1. Take the residues in the stretch 248-299 that are out of contact with any His (no Cβ under 9 Å at 6 or more places or on another chain), among the hydroxyl-bearing types (Ser, Thr, Tyr) and open to solvent by 60 Å² or more (accessible area, probe 1.4 Å), then tell me which one is nearest to ILE195 (Cα to Cα).
2. Pick from LEU271, LEU247, LEU299: which is out of contact with any Pro (no Cβ under 7 Å at 6 or more places or on another chain) and modelled with pLDDT under 95?
3. So in the stretch 77-92, with the set limited to residues that are out of contact with any helix residue (DSSP H, G or I) (no Cβ under 7 Å at 6 or more places or on another chain) and assigned to a helix (DSSP H, G or I), which one is surrounded by the fewest Cβ atoms within 10 Å (Cβ to Cβ)?
4. Here are some residues: ASP182, ASP167, ASP157. Which one is open to solvent by 10 Å² or more (accessible area, probe 1.4 Å), without any contact (Cβ under 8 Å) to a residue 12 or more places away in the chain and either among the acidic types (Asp, Glu) or out of contact with any strand residue (DSSP E or B) (no Cβ under 6 Å at 6 or more places or on another chain) (or both)?
5. Could you pull out every one of the strands (runs of 3 or more DSSP E) wholly within the stretch 120-225 that has 2 or more residues that are out of contact with any Lys or Arg (no Cβ under 7 Å at 6 or more places or on another chain) and over 26 Å from ARG55 (Cα atoms)?
6. Any chance you could count how many residues in the stretch 235-267 are over 19 Å from ALA39 (Cβ atoms) and assigned to a loop (DSSP other than H, G, I, E, B)?
7. Kindly indicate the residue of the stretch 185-226 that is at pLDDT 95 or above and small (Gly, Ala, Ser) and also surrounded by the fewest Cβ atoms within 10 Å (Cβ to Cβ) among those meeting that condition.
Amino acid sequence: MTSSSNSKTYRGRFAPSPTGPLHFGSLLAAVASYLDARAHHGTWLVRIEDLDPPREDPTAADSILHTLDHYGLHWDEDIRYQSTRSDAYNDALQQLIQQQLAFPCACSRKQLGNQLHHGICSTLQTSDIAWRFLCPAGQLRISDTLQATQTYELAADIGDFVIRRRDGLWSYQLAVAVDDADQGITHVVRGIDLIDSTARQVLLQQALGYSSPIYSHIPVANEANGQKLSKQNLALSLSTEKAADTLWLALAWLKQSPPAELRGVNVTDLLTWAIANWQAEVLIGLTSMPAPGDFQRQL
């Protein structure tokens, strides 16, 4: 994908949240990350980001893994479940506290008035508190192989963000930064809807002494009304009955131009062709595109 890629060290990942079954939009991210890893003779991991039990479907993790397997997207190494990683996240939090880069906060959203948080709170509470990362001043620039360089004025755009919630659950940002480092992830290929999370993750990586992966944010697939396909918007779940046809459509949506004669062949042969012909650069600058009609709801 980029001249800085090293086929000997490439480690990529797909990291879905188990809040529902996979849909076409999440398949695109899985396929793009898988193909980029395989095209660079790298390792591809799957991580289940089960950090928020109240929002999760207890059947979703197994459903996601079954669907990936049915689509020929076979992972290397054991599945990681973030729900088992609390000790590692706590170690990172304690390191940030010792560095005076994390502080307790009892501020509610109402108190903040939907404004960014700035500066250490003076709270005497020891319970019912969140922990926030103390955002530094200045500017952050993040390169992306598919999108323009992202520039953030940290005080105006980021502010002090939560790394452990008031209910005791770990934040997505901290967990991802810790696990990407622990798993040696060198390349992150995911949807552009997560591009602003990258800034927060990079800040945590820098504070914790981690290296940052190479980021590539692919466009998102939209419904007919312009909303992105998502579980929140009740996107249609993937069927495993026509996996090869759906995979062909995913490759076409990713602008890989799969030959018509490959439509309907088995997923193994289709992925073999896709790995050999993977061209991520055709997605440069694209931020969104309509999903195929079969995957759009009648809105």
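The values are calculated or read from the model by the stated rules, or taken from the named source; none is laboratory data. Note that this is a predicted model, so its numbers are computed, not measured. Methodologically, a virtual Cβ is constructed for each residue, glycine included, from the backbone with ideal geometry; neighbour enumeration extends over all protein chains shown. Heavy atoms of the whole protein, side chains included, go into the accessibility calculation; ligands, DNA and RNA do not. Shrake-Rupley method; radii C 1.70, N 1.55, O 1.52, S 1.80 Å.
1. SER257
2. LEU299
3. ASP87
4. The conditions single out ASP167.
5. In the stretch 120-225, 139-142, 150-153, 214-218 are the strands (runs of 3 or more DSSP E) which contain 2 or more residues that are out of contact with any Lys or Arg (no Cβ under 7 Å at 6 or more places or on another chain) and over 26 Å from ARG55 (Cα atoms).
6. Step one: list which residues in the stretch 235-267 are over 19 Å from ALA39 (Cβ atoms), which gives 235-246, 249, 260-261, 263-266.
Subset that is assigned to a loop (DSSP other than H, G, I, E, B): 235-236, 238-242, 263-266.
Residues flagged as over 19 Å from ALA39 (Cβ atoms) and assigned to a loop (DSSP other than H, G, I, E, B) within the stretch 235-267 amount to 11.
7. Restricting to residues being at pLDDT 95 or above and small (Gly, Ala, Ser), the top hit is GLY209.
Rundown of residues vs (1) assigned by the TED database to the domain that holds THR19; (2) open to solvent by 70 Å² or more (accessible area, probe 1.4 Å); (3) within 20 Å of TYR210 (Cα to Cα); (4) free of Cβ contacts under 8 Å to residues at least 60 places away in the same chain, yes/no style:
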| residue | (1), (2), (3), (4) |
| --- | --- |
| ILE97 | no, no, yes, yes |
| ASN114 | no, yes, no, yes |
| ILE120 | no, yes, no, yes |
| ARG141 | no, yes, yes, yes |
